[in-house]
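The values are calculated or read from the model by the stated rules, or taken from the named source; none is laboratory data. Because the structure is a prediction, the values reported are computed rather than measured. Methodologically, a virtual Cβ is constructed for each residue, glycine included, from the backbone with ideal geometry; neighbour enumeration extends over all protein chains shown.
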Amino acid sequence: MQEQDFYAELTSAIRHVYLVSQDFIPLHAPVFDGNEKKYLCETIDSTFVSSVGEFVNQVEIKLAEFTGARYAIATGNGTLALHAALILAGVEQNTEVITQPLSFVATGNAILYCKARPVFVDVDKDTASLSPESLLRFLQQHAQINDDGVCINKTTGARISACVPMHSFGFVGRIREIADICKKWHIPLVEDSAESLGSYCGDIHTGRFGQLGVLSFNGNKTITCGGGGAILTDDEQLAKKAKHITTTAKVPHKWEFYHDELGYNYRMPNINAALLVAQLEQLPHFLSNKAETAALYLEHFKHLNVQLLQPLPGTTANYWLNTLIFENREQRDGFLQFSNDNGVMTRPAWTLMNKMPAFADAVVFEIENAQWLEDRLVNIPSSVR
Ligand SMILES: *Cc1c(COP(=O)(O)O)cnc(C)c1O
């Protein structure tokens, strides 16, 4: 088959799945057909649009319920949640944080906000998420646990203060293995589960395998409230501290303004929380709809010579973004060009973080699979239909 015909077949398969023959098909558009307007109006009428309000409390209760985490703390967006989670995990200046090079830049940025140094270990080809084997190789070659029980990079002398795996596009990585390794090496685990609301390993929700997990409700995520995020934890002390530092570390008092440590204004406004409560009501429906879309894609692409990223056995993906793997970068680029020229929005993986200027000082351990995926991976339209 000619390459152009191949791209045309793929593009028309996407149009079949979305039952749209001509119009533009976005990558991931939000859907607001529940109680969004009702709750927004209630919030405006109440005048409690800002930093306190009943919807924020509801968001935190509902997120804990849905994920099974004991505590959820709402934040202004996912990046802020990540920054706060790293602070809570004990990430400090001149420590090292292990993560994957293939992620949205926010994962790495949060590490830099703490003035810590990212260490990039590889991802697995079949999950696009952090590879436990690469993590273990790094630790065996470079790390040791000192007399105080602290994990140190022998080569640089720096403390290894956290490991931050990310579940790419809502597909679940080998998180149990990663959690075991982190435990053995005394490394706090913070899951960037920004993309994986509704994704499970066994029956445990992503974001619950370490000390802390993070969610995002940005406009392109599975559910959105414009901008929003959350921290998940089972630890009561961490939860209290999370709420405290994300709300300016103010000591409660009727009129005094006294803040007992460095705090941040990272809270979720009540008006965003109103939107999120309405979205959370629809989440189960969105998830089953997205699973149907993924099944349709599998059916439509069966006879075409392209691979569709699949969840690992024993895991449940939320299918946030369906993902094709092409044979090489040339084919990837050919399809990106054709589909976008023809009104079907597609996009490549993120440029590996180690290639970007802000990360010039990062430690690059292994990135072979990450580069392999960067060369081949394309996200295709995945909105709720
Ligand atoms: C979306 C996302 C975040 C957080 O993004 P915000 O836009 O700040 O909510 C963090 N990490 C990853 C991997 C993401 O995809």
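Of all residues in region 331-382, those that are crowded, with 18+ Cβ neighbours inside 10 Å, of a type in the set (S, T, N, Q) and within 26 Å of Arg15 (Cβ to Cβ) total 5.
Among the residues of region 284-330, just one is among the basic types (Lys, Arg) and not in a helix (DSSP H, G or I), namely Lys302.
If you check Glu42, Glu3, Glu9, Glu36 for being acidic (Asp, Glu) and modelled with pLDDT under 95, only one passes: Glu3. All conditions in (1) closer than 25 Å to Glu374 by Cβ; (2) in a helix (DSSP H, G or I); (3) out of contact with any strand residue (DSSP E or B) (no Cβ under 7 Å at 6 or more places or on another chain); (4) polar (S, T, N, Q) hold for Gln140, with the sole exception of (1). Of the residues making up region 16-32, those that are part of a loop (DSSP other than H, G, I, E, B) and touching a residue at least 40 places away in the same chain (Cβ under 8 Å) are Leu19, Gln22, Asp23, Phe24, Pro26, Leu27, His28, Ala29, Pro30, Val31, Phe32.
Set side by side, the residues Leu283, Leu304, Leu296, Leu275 differ, and just one is within 22 Å of Arg376 (Cα to Cα), modelled with pLDDT of 95 or more and among the aliphatic types (A, V, I, L, M), which is Leu296. Within the set of pairs 6+ apart or on separate chains, which have a first residue in region 67-82 that is aliphatic (A, V, I, L, M), a second that is part of a helix (DSSP H, G or I) and near the ligand (Cβ under 7 Å from one of its atoms), and C-beta atoms under 9 Å apart? Close Cβ pairs satisfying both conditions: Leu82/Ala106; Leu82/Thr107.
Checking the structure you have, find out if any residue of region 219-236 is within 29 Å of Val31 (Cα to Cα), among the polar types (S, T, N, Q) and touching an Asp or Glu at 6+ places or on another chain (Cβ under 7 Å).
no
For every residue, the table says whether it meets (1) over 25 Å from Arg376 (Cβ atoms); (2) out of contact with any His (no Cβ under 7 Å at 6 or more places or on another chain); (3) hydrophobic (A, V, I, L, M, F, W, C).
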site: Ile87; (1), (2), (3): yes, yes, yes
site: Phe104; (1), (2), (3): no, yes, yes
site: Phe169; (1), (2), (3): no, yes, yes
site: Val190; (1), (2), (3): yes, yes, yes
site: Ser193; (1), (2), (3): no, no, no
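Pairs linking a residue in region 116-134 that is under 16 Å from Trp350 (Cβ atoms) to a residue that is β-branched (Val, Ile, Thr) and assigned to a helix (DSSP H, G or I), with Cβ atoms under 9 Å and 6 or more positions apart or on different chains, are Pro118/Thr107; Pro118/Ile111; Ser129/Ile175; Ser129/Ile178; Leu130/Ile175; Leu130/Ile178. With respect to the conditions (1) under 30 Å from Cys225 (Cβ atoms); (2) touching a Pro at 6+ places or on another chain (Cβ under 7 Å), Ser103 lacks only one, and its number is (2).
Residues in region 331-347 that are out of contact with any strand residue (DSSP E or B) (no Cβ under 7 Å at 6 or more places or on another chain) and outside any loop (DSSP other than H, G, I, E, B): Gln331, Asp333, Gly334, Gln337, Phe338, Ser339, Asn340, Asp341.
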